[in-house]
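I have placed the structure first, in the form of structure tokens, so that the comments after it can refer back to it.
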2 protein chains.
Amino acid sequence: MKLIESITAMKEYSSALKKGGSGIALVPTMGALHAGHLSLLARAREVCDVSVMSVFVNPAQFGPTEDFAKYPRDLESDRALAESAGCDCLFAPSAAEMYPDGYCTYVDAGPIGDILCGAARPGHFRGVATVVLKLFNITAPAAAVFGAKDAQQTAVIKRAAADLNLPVRIITAPTLRDADGLAMSSRNTYLTPGERKQAANICKALFEAKSLFEGGECSVERLKNTITSTIIRGGLIEMEYADIVDPVSLRPFPANTESPALIAVACRTTESKTRLIDNVVAG
Amino acid sequence: MKLIESITAMKEYSSALKKGGSGIALVPTMGALHAGHLSLLARAREVCDVSVMSVFVNPAQFGPTEDFAKYPRDLESDRALAESAGCDCLFAPSAAEMYPDGYCTYVDAGPIGDILCGAARPGHFRGVATVVLKLFNITAPAAAVFGAKDAQQTAVIKRAAADLNLPVRIITAPTLRDADGLAMSSRNTYLTPGERKQAANICKALFEAKSLFEGGECSVERLKNTITSTIIRGGLIEMEYADIVDPVSLRPFPANTESPALIAVACRTTESKTRLIDNVVAG
């Protein structure tokens with residue numbers, strides 16, 4: 001596996017591959033790799049000749065009070081994991097090269113980035129859309145693979161890719177879960193043992209709601225109440241939102257759920273103040 | 001010359017050329033072509049095998065009270081002119097295809113788009129940066145040629161191209177002028193005969209200031225006053241701004257001009273309310 005740490009070298013690598021007729025599938029990550037990331041890489045390897053995984057903790061998508069400084073970073077471990085999963089190239093640029101002095105251009109994703117997680121994290125999806133566009137321009141992929149856990153991220157990127165006429169196929173790969181159902185996330189390492197145990201309720205609540213909806217319950221309010229009561233039971237988790245929305249536009253269904261529906265939640269633990277998100281598609 | 005009016009067809013054309021090893025130089029225009037545009041095309045033909053000129057009156061860069069509706073449009077004339085100038089492909093997409101229902105992604109150029117013309121035209125450079133990025137993604141050019149008359153547009157595009165790591169070389173080509181010095185512009189057709197005569201003062205004022213600066217006058221205030229008094233003499237033109245700024249960052253010099261300096265003006269005629277811009281680089 002090749003490790004590339006400069007933008008120029010990555011552009012050269014990508015350009016040489018393209019000249020040779022190979023297509024690249026990109027897996028953008030912030031590192032702290034887990035089995036979820038490696039499943040995205042496996043998907044990337046299915047769709048293109050060459051897989052590139054980027055590892056970049058993107059300052060532009062963190063708010064001033066968020067966990068940018070403490071976000072887990074371990075390039076040596078990421079490198080070993082990516083290589084063991086058959087990654088062809090790991091791209092790990094520096095923040096100084098990605099956002100040099102005087103940097104001022106951002107991609108505004110519009111209203112789709114201001115709702116759900118965007119409401120609690122102003123500017124987050126602007127940072128996401130910007131760094132993804134930069135990574136696309138640097139690596140020139142034919143396809144890029146994103147995890148379904150970050151449903152709004154994927155919706156924003158799909159919308160931006162269509163709007164900006166990007167020549168990149170956006171692929172969503174399924175959420176990987178621990179044995180008790182908790183969606184894999186680099187932030188799970190923040191959880192206290194008590195929180196970790198309670199966190200299994202998030203997935204449980206989502207699948208309960210999916211099952212109720214598919215069994216005929218279509219009241220948005222009742223479904224949301226069911227989700228919330230299951231998640232907060234146990235006391236170590238507070239809700240940020242539970243919402244039932246159109247899976248593409250992310251527009252909330254006002255009273256009655258239509259099909260298909262994205263059932264999405266964000267919550268925060270009370271001890272370690274960890275923000276956790278998860279979702280299922282129902283109907 | 002090929003005429004392409006759909007995004008899909010343009011992507012196919014560009015993709016086939018790239019596979020064949022040819023590079024594209026793009027000249028983005030809003031049509032109403034004049035000799036200035038054709039000089040950009042000539043430059044494009046020097047730098048790449050294939051020249052593509054886009055003709056698209058971009059709604060996103062016009063303010064609600066601006067001249068979008070009356071902006072001159074004549075595709076048949078543009079087609080003949082482009083073909084006579086050796087253009088390989090004219091790309092003229094529809095607004096409905098460029099900005100379909102639900103469109104919501106924009107490129108925010110940052111502070112460099114909020115000063116000078118951007119101060120009087122809020123959102124203008126956001127619209128410019130967005131459409132240029134879209135045109136780049138559709139035509140995949142190796143180079144793109146912009147006219148020096150639109151100095152801020154070029155500075156914004158260069159900044160955005162660097163920030164977003166676009167694989168496109170941005171080339172500036174000199175302003176073409178009528179015999180009396182008036183910078184060629186599609187909007188000159190709006191001018192009344194009296195305004196047209198007065199408009200020659202704009203260029204005269206700029207070259208006077210350049211000559212004064214290069215002769216040793218470095219007071220920003222005195223240079224601006226000289227420019228303004230020359231332009232408004234005759235009474236059919238009002239100033240929007242006269243400014244002396246760094247040619248790359250567009251930051252104004254506070255008291256004394258440094259070298260090189262971009263001397264830029266925007267003004268408006270009093271009868272036809274035509275907005276005219278021009279600039280020179282001095283030092």
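A few comments on the model shown:
- Other copies of A:PRO72: label-to-label distances in nm, shortest first, labels 7 Å along the beta-carbon direction: 6.4
- Separation in nanometres of the label points that stand 7 Å from Cα toward Cβ, at B:ILE232 and A:ILE232: 6.4
- Among the listed pairs A:LYS204/B:LYS134; B:LYS70/B:LYS197; A:LYS70/A:LYS210; A:LYS134/B:LYS204; A:LYS18/B:LYS149; A:LYS134/B:LYS70, those beyond 31 Å (Cα-Cα): A:LYS204/B:LYS134; A:LYS70/A:LYS210; A:LYS134/B:LYS204; A:LYS18/B:LYS149; A:LYS134/B:LYS70
- Cα principal axis extents for the stretch A:68-224, largest first, Å: 50, 37, 29
- Other-copy label distances relative to A:SER259, 7 angstrom Cα-Cβ extension, nm: 7.7
- Within the stretch A:224-252: backbone nitrogen closer than 14 Å to the A:LYS197 label point (7 Å, Cα to C-beta): A:234-237
- Each principal axis of the Cα atoms in the stretch B:153-283 has its own extent, and those three values, largest first, are 46, 34, 24 angstrom.
- In the stretch A:89-159 the Cα-Cα distances spread across 10 Å bins starting at 0 as 17, 48, 32, 3 percent of all pairs.
- Of the three principal axes defined by the Cα atoms of the protein assembly as shown, the extents in descending order read 80, 47, 47 Å.
- Of all DSSP beta bridges in chain B, antiparallel share, percent nearest 5: 50
- Label-reachable residues, the stretch A:17-45, where backbone N falls under 11 Å from a point 7 Å from A:LYS2's Cα toward its Cβ: A:17-20
- Once exposed loop trypsin sites (Lys or Arg not before Pro) are cut out (DSSP; at most 11 other Cβ, 10 Å), longest piece of chain A: A:71-272
- Sorting the Cα pairs of chain B by distance into bins of 5 Å, from 0 upward, gives 1, 6, 12, 16, 18, 17, 13, 9, 5, 2, 1, 0 percent per bin.
- Check: the stretch A:186-282 dipole with +1 on Lys, Arg Cβ and -1 on Asp, Glu Cβ, in debye: 380
- Each other copy places its own label point for A:GLY235 at 8.5 nm from this one, sorted shortest first, where the point lies 7 Å along the Cα-to-beta carbon line.
- Only helical runs count toward this figure. For chain B, summing -39,500 (n - 2.57) over DSSP H runs of n ≥ 4 and dividing by all residues gives -11500 deg cm²/dmol at 222 nm.
- Amide H contacts of A:ARG169 (H built 1.01 Å from N, under 5 Å, at least 5 apart or other chain): A:ALA143, A:ALA144
- Using the empirical formula 2.2 N^0.38 Å as the baseline, the Cα radius of gyration of the stretch B:57-110 reaches a ratio of 1.43.
- In loop segments of the stretch A:1-86 as defined by DSSP, there are no chymotrypsin sites (Phe, Trp or Tyr not before Pro) with at most 13 further C-beta atoms inside 10 Å of their C-beta.
Laboratory data are not the source of any read-out in this text; all were calculated from the coordinates shown. All of these numbers come straight from a predicted model, not from anything done at the bench. Positions of Cβ are backbone-derived with ideal geometry, glycine not excepted, and every protein chain shown enters the neighbour counts.
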